[in-house]
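Asks: Submitted below is the structure of interest, expressed as structure tokens.
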Amino acid sequence: MAFRLSPMNIELGFSGNESRTLFKVVNPSKDQKIAIQFSVKSRAIDKHGKESRLQTSDFKVFPPQVILKPKETRNIRLSYKGKENGKKENIEKAYRLIASQVPLEFSDKEKKQTGIKILLKYVASVYLQPKSVKPQIEISLMEILKGGEKLKVLIRNSGKKHSILKKPKISMIKDKKEFILEGKDIEEIDSVNILAKSERIFEISNIANAKKISEINLKLDYK
């Protein structure tokens, strides 16, 4: 039976009331209890979009595990307990809150095993954020592939806050001619998350309107 977790995205501060929040877990089942465990890991995304997560002691989750009765809702408190280095550096830090449904009971054999079977998992985004930080997104051309029918581009966030590229548009200019790529043309970058001080590489394949262009200047707009 699936459970529900909310919210799935939260921004916190480094101290005071802004450094803690509540998540809600719900057991929608009419007749089954479920067990859920919680953990927090730091988060990074490499140039090719692969996410890595590391153990961290920056947060405390209470309670760290719950058993929910049928139709029960429970609040889970998340509190930042780390140092304020990120605040001093004035840069956002990214984390994942992981809620994992596990079996209610384990056999003796299962208890001796190193891993616990995960029945269902939700992964929420948590951002530890100094005030007044902003993203700064730039796009540059890395390579023109397949005779000008495909572009390899680098999107860099040199700012200090993550940015999600919602409804992006790429403007390509050559000899005062402008070509706009949007929607399905650039679905590879739609809704992509670029973390603070990070960069991503993308290959954009649907550029038939600009395949004869050999030198271009790129401009990225998004909401």
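The values are calculated or read from the model by the stated rules, or taken from the named source; none is laboratory data. In this text, all values refer to a predicted model and were calculated from it rather than measured experimentally. Backbone-built Cβ (ideal geometry, glycine too); neighbour counts: all protein chains shown.
Asks: Read through the list (1) at pLDDT below 95; (2) surrounded by 14 or more Cβ atoms within 10 Å (Cβ to Cβ), then give the number of the only condition that Ile45 fails.
Replies: The single condition Ile45 does not satisfy is (1).
Asks: Say whether the condition of being acidic (Asp, Glu), modelled with pLDDT of 95 or more and either outside the structural domain of Lys30 (by TED's automatic domain parsing) or surrounded by 14 or more Cβ atoms within 10 Å (Cβ to Cβ) (or both) is met by at least one residue in region 68-79.
Replies: The answer is yes; a qualifying residue exists.
Asks: Go through region 91-141 residue by residue and tally those that are part of a loop (DSSP other than H, G, I, E, B) and modelled with pLDDT of 80 or more.
Replies: Of the residues in that region, 13 qualify.
Asks: If a residue has to be part of a strand (DSSP E or B) and either among the charged types (D, E, K, R) or more than 18 Å from Glu199 (Cα to Cα) (or both) to count, how many in region 148-183 make the cut?
Replies: Number satisfying all stated conditions: 14.
Asks: Is it the case that region 26-39 has a residue that's assigned to a loop (DSSP other than H, G, I, E, B), hydroxyl-bearing (Ser, Thr, Tyr), modelled with pLDDT under 95 and loosely packed, with under 13 Cβ neighbours inside 10 Å?
Replies: No, the conditions are met nowhere in region 26-39.
Asks: Right, here's the next one. Taking the conditions exactly as written (acidic (Asp, Glu) and under 30 Å from Arg156 (Cβ atoms)), does Asp58 satisfy them or not?
Replies: yes
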